[in-house]
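> Take this structure first; my questions come after.
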Ligand SMILES: Nc1ncnc2c1ncn2[C@@H]1O[C@H](COP(=O)(O)OP(=O)(O)OP(=O)(O)O)[C@@H](O)[C@H]1O
Ligand SMILES: [Mg+2]
């Protein structure tokens, strides 16, 4: 008692008295916490998943980047010849000097491709393989391109001697160097760089149209009292279930050379008047009949990006605060002012985010421009053409790098915007309840009806095309188009492969993604590792599918890579697809995990239970809805994806989505539509099962789920 | 630091052994020091409360003891064993969080059984122990319910049962009652304290509610800005707050600036008061502190023994007593608040504007060096 008496020492103003005491004490050693088995296990797992992302993403991208700087050129300055015409060996002849003398090469024009070849005899205009002349050749620098004789390459600096009969088989090889040469070629070839403008034009126009359409649609769903909202929303989300090739195919049928629209109009108004109107509308390049080109790409892009924009904008609109509206109405603000001052600002982050997501989807999309782009080149298709058509891998890599830039920008802006949106969401708002207004509701229903009809119409056209014998000449019903086995693209096997691939992707992907997210969210310590992992997990979203697929060729098809054995297998398709769709899955998992009490793990530790127990007994059951969401997301996308896997399938692992592409390419458009619809039905069925499963789960666990 | 914090065990009169010893503990978050040089001993079977304003580091200290957020430096010893670097799984404690952290998908029974599994206990044994615990916390027939189906108070009890299921040597409670409404809280305070007595488990509870700490704790550790301001029994902390912070944080206190007038004397305005202090030279500025309930209204007009005249400038009825604001020309700027019983107000016929005599008992006056910053 007495020590606490009010003595003078009890209180000193200013800083706490502890500061001086601390200086007297011996300097305290920093504690190094001891880790237990769980900590080690979690770190090991996290490192394993991080390694997966590095191998499946970072290293391939690096391989692609370095490929784009690979230049092949003839190092003629390092080649020397000697000739013996019977009087002994003459002086060494430098190939470059000789070539320039002869005018067959120019010093600044020695660039070629990896497959470039030059005959040694070109440097000897009077060469005859019958002459008794003997030739010698050597490299003056080791490990440059060297020369080849009968399939054997020499890069050492020894002189080698050849009879004239053998000398004609000597070819010079280009040497590989690093440099920006490929980029210089790219930016000086209008046929290549014009694609940048094309891609940007298409993406911007599609973005504006999609976001406007989706905004009104979302507005109708959230702010009107029209009936059948659920039905309209389902219809609007349908494009998610089909490959982006499909709308292109439907447009070909609707507006192509054998246009359904024209046939219908002709039946109604007569062929002459239709032809006259068409002529009048044609501006020479892109007339109304010219669906192949930018118009077609934009329509197809709007179709397949619509649901993505819609979902984002619905979220943005449904967090609106009713109190703001009440305040605005109390101030007697007219409706249009409320719209401009309350509705739009409230949804602005959603709109910006939707715009960037759509932009990113369109600019990286390969399906729509491939099917309906015609001669109108865009970046994603250029990659395909360079690699598959011309086997110019370096140029493919250059286009990939060019495509990465707008995709990265769009991705970054979207992330920044989303961060703000989250802050908005957490504010306590009173949800807005729309009131019935007859005319407005009817108007909105009309609009959503038309959009829904258009979307379903696209599918109906495809299904119609798939089921008739031969448009437009034989309209009888037939299942011939389903006879995939007699066509290019892998037949029914590819459908089976796709389902297997989608199932593997869903199961393996969900496990890896969810567990990875768990380790990031709930791990103890190891902050630097967790931040690095978080960054890796966000990366895939910024990487276009074409770029990812091409990177995989460079990385996994390298014979020096110990992982080379997975090239051409189902495994590489699954790995590629999981990686391609990693980010969205990861974010879904993280959101679900964040909603769980951070202290569950701590309680479990205090009760001395391993983390695997809390993970299995609590985390997984509580997060089951999110886990199901991730698996259906992965399944659907694995079924529809084309861009990444188009470079990676082998004859044994053809896929349905790629079959659509290949059959369309080969002119089998109706079978392509049929296969596309098979993908749709499969995805629709799985979505249905998912909905049923989720509902059942919710019913069974309702006792403890109070949310 | 305060050392007069011995706790006599009520029955034997001897001090129980130290169960938990914390030495020179520091916790930093980057450049921010959340705990600075914490020294603390907790005796076996004791109920200790960490009390302090929000953000003072109570939770941080508790989590360091649990090993959930290991300290930057310093030593923690539990039952003679150095546990400073051990992960939580290798320490011996049970913990209840403010959120309870009950596993939502497990029944009450399974929640409590969670820590009993994997311990080479047979199923039947586990079930029996869970029943026992359910009984102990008064939820005997609620074992099959899910946490969401229980009231807040019931959930709290389940969390408690789960924490003590494995009979840990140390029970840690982080604001266990703050999510409950006042009535349930009062009731549970009692129950937790009774349970702790019965089990004899050493318990540390974090709270920012002084009433909770005063009613439940054997000893209170008052914290502020990451340091311990005072350790003592509730009575000590209330009666003899070691610092102005403690005096201000716990209960109500009058703070009046004054100066040392001589040995054992201070002056407020013109008034000289005698009180107990040592080692301050004359004219040193001090803060004079006294609790409103310690100010006595004198009926006779004596001018000795710290009695002086004041005017009642305001009289506020607070239910069980009146609070009077007292002022006086001699006091200078200073104002005093005094709690006066209803009886006395009535018997003396006190009203606003009236002059009365008050006495500040010598042993209730506290002197702190330095000018008052509170008031
Ligand atoms: N992980 C962390 N990183 C950085 N600062 C932290 C962290 N945890 C706590 N702090 C800071 O340490 C200080 C003490 O926090 P602590 O949670 O211990 O306070 P508290 O006394 O329990 O407060 P409350 O009564 O609000 O729970 C606070 O200023 C807090 O901001
Ligand atoms: Mg706290």
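> On C-alpha positions alone, give me the angle between the axis of helix B:123-136 and the longest principal axis of chain B, in degrees, nearest 10.
Orientation of helix B:123-136: about 20 degrees from the principal axis.
> Looking only at B:288, B:42, B:18, which one moves most when chain B is put into a Gaussian network model with springs between Cα atoms under 10 Å?
In the Gaussian network model the winner is B:18.
> Which of B:59, B:33, B:203 moves the most in a Gaussian network model of chain B with Cα springs under 10 Å?
Most flexible of the set in this elastic network: B:33.
> While we're here: When the C-alpha atoms of chain B are aligned to their principal axes, what extent does each axis show, in angstrom, from largest down?
Taking max minus min along each principal axis of the Cα atoms, chain B gives 78, 45, 44 Å.
> Hey, another quick one. Using the scaling law 2.2 N^0.38 Å as the reference, what is the normalised Cα Rg of segment B:185-326?
That ratio works out to 1.32.
> Using the Cα gyration tensor of chain A, with a ≥ b ≥ c the square roots of its eigenvalues, what is the shape: rounded (a/c below 1.5), prolate (a/b larger than b/c) or oblate (neither)?
Cα axes put chain A in the oblate bin.
> What is the projected area of the convex hull of the Cα atoms of segment B:309-366, averaged over all directions, in nm²?
Approximately 4.4 nm², given one-decimal rounding.
> Another question, if that's okay. Please state the relative contact order of chain A as a whole percent: Cα pairs under 8 Å, 6+ residues apart?
16
> At q = 0.21 Å⁻¹, what is the base-10 log of I(q)/I(0) for segment A:623-707 according to the Debye formula with one equal point scatterer per Cα and no solvent? Please give it to two decimals.
The calculated log intensity ratios at q = 0.21 Å⁻¹ are -0.96.
> Quick one: Kirkwood hydrodynamic radius for segment A:185-242, alpha-carbon pairs, angstrom, one decimal?
Radius from the Kirkwood sum: 14.3 Å.
> I need the shape label for segment A:554-609. Rule: rounded when a/c is under 1.5, else prolate if a/b > b/c, else oblate, with a, b, c from the alpha carbon gyration tensor.
In terms of gyration-tensor shape, prolate.
> In addition: Please state the relative contact order of segment B:72-227 as a whole percent: Cα pairs under 8 Å, 6+ residues apart?
Relative contact order, segment B:72-227: 26 percent.
> Treating only the Cα positions of segment A:72-177 as identical point scatterers, give the base-10 log of I(q)/I(0) from the Debye formula at each q in 0.13 Å⁻¹.
So the normalised log intensities are -0.42.
> Let me ask something additional. Given contacts defined as C-alpha pairs under 8 Å and at least six residues apart, what's the relative contact order of segment A:485-706, whole-number percent?
35
> Would you mind checking the tilt of helix B:152-164 against the longest principal axis of the Cα atoms of chain B, expressed as 0 to 90 degrees and rounded to 10?
70
> Could you check how many percent of all C-alpha pairs in segment A:570-701 are farther apart than 22 Å?
53
> For the protein assembly as shown, what is the mean residue ellipticity at 222 nm derived from helices alone (per DSSP H run of n ≥ 4: -39500 (n - 2.57); sum divided by total residues; nearest 500 deg cm²/dmol)?
Using -39500 (n - 2.57) per qualifying helix, the result is -14500 deg cm²/dmol.
> Starting from the Cα gyration tensor of segment A:485-706, take the square roots of the eigenvalues, sort them a ≥ b ≥ c, and report rounded, prolate or oblate (rounded when a/c is under 1.5, otherwise prolate if a/b is larger than b/c, else oblate).
In terms of gyration-tensor shape, oblate.
> Extension gain residue A:30-residue A:161, at 0.36 nm per residue separation less the Cα-Cα distance, in nm?
Here the segment from residue A:30 to residue A:161 would lengthen by 39.9 nm.
> Among B:73, B:151, B:347, whose mean-square fluctuation peaks in a Gaussian network model of chain B (Cα, cutoff 10 Å)?
Its mean-square fluctuation being the largest, the pick is B:347.
Read-outs: derived from the displayed coordinates by stated rules, not from any lab. A quick note: this is a predicted structure, and the numbers were derived from the prediction, not measured.
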